[in-house]
1. Of the peptides 212-220, 84-92, 21-29, how do they stack up when ordered by the mean number of other Cβ atoms within 10 Å, highest first?
2. What is the calculated FRET efficiency for Glu114 to Leu214, with r their C-beta to C-beta distance and R₀ = 30 Å, to the nearest 0.05?
3. Full-extension gain between Lys5 and Ala149, please, as 0.36 nm times their residue separation minus the C-alpha to C-alpha distance.
4. I'd like the FRET efficiency for Val174 and Ser85, computed as 1/(1 + (r/R0)^6) with the beta carbon distance as r and R0 of 41 Å, rounded to 0.05.
5. Filter Lys3/Lys135; Lys3/Lys98; Lys75/Lys145; Lys5/Lys219; Lys14/Lys219 down to the pairs with a C-alpha to C-alpha distance above 25 Å, please.
Amino acid sequence: MDKVKLEKTKIHQKYLLADGREVVGVTTALGIMNKPALLAWAWAEGKAGRDFRKVKDQAADIGTLAHFLCECHLKRLEADTSEFSPADLSKAENAVIKFMTWWDNNGFKLVASETQLVSEMFGFGGTLDIVAEDKGGYLHLIDIKTSKAIYDEYWFQVAAYHELWNETHFGTSVLKGETYIVRIGKKADEDDFEMLGRINLDNEFDVFLKCLALYKAVKETKQKKG
């Protein structure tokens, strides 16, 4: 079996409507929001004499690798990790072990992974981490995070993904199970693992739509000035 490589540098993902028009991605639209936790973290890193950009880049590399390894495990692919340092690989593998233990204990079966979808109704796109089927036949959306906490904006993000799946799979295989955010920390400590699930994401999706509207309004204003 050939090994699968992780592309560290990804081309900006484009989401296109049926008529060819490009629409904004979920994470970009949510970028309009203030993120006080991120600012506080950057300030703390600076106070400690560390360059927050370098720390952030390293954490992103480990998180991306953990995502990639989880995807390979679920798809039964062999990952090529030769370009990563042993230290980063060890941290990422610790995260994967925690996730796969949770996955196996729940008896999930993979339905879709890294699925790119577009909403014709609301005009946005996104890439879903995982859709899984449980033992009872219910479909669940699962989003993997490798952060230090599960932040409120994550729920706005997965609410948008939830809408994307159900809009594009209406009447066939809609999500009826819980939507999970699984945080898999990069430490060996078993406590550095967290899973939260919600059934109703109506309020969270409403917040996302407001962010989407604000993003589009700001972009339109800049275009008119330009």
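1. Order by mean packing, descending: 21-29, 84-92, 212-220.
2. That pair, Glu114 with Leu214, gives E of 0.60.
3. Values: separation 144, 0.36 × 144 = 51.84 nm, distance 2.84 nm.
Residue separation times 0.36 nm, minus the Cα-Cα distance, leaves 49.0 nm.
4. Details: r = 42 Å, r/R0 = 1.03.
It comes to 0.45.
5. Beyond 25 Å between Cα atoms: Lys3/Lys135; Lys5/Lys219.
Every number in this text was worked out from the coordinates using simple rules, so none of it is lab data. Predicted model, so just to flag it, every value in this text is computed and none were measured. Virtual Cβ from ideal backbone geometry, glycine too; neighbours counted across all protein chains shown.
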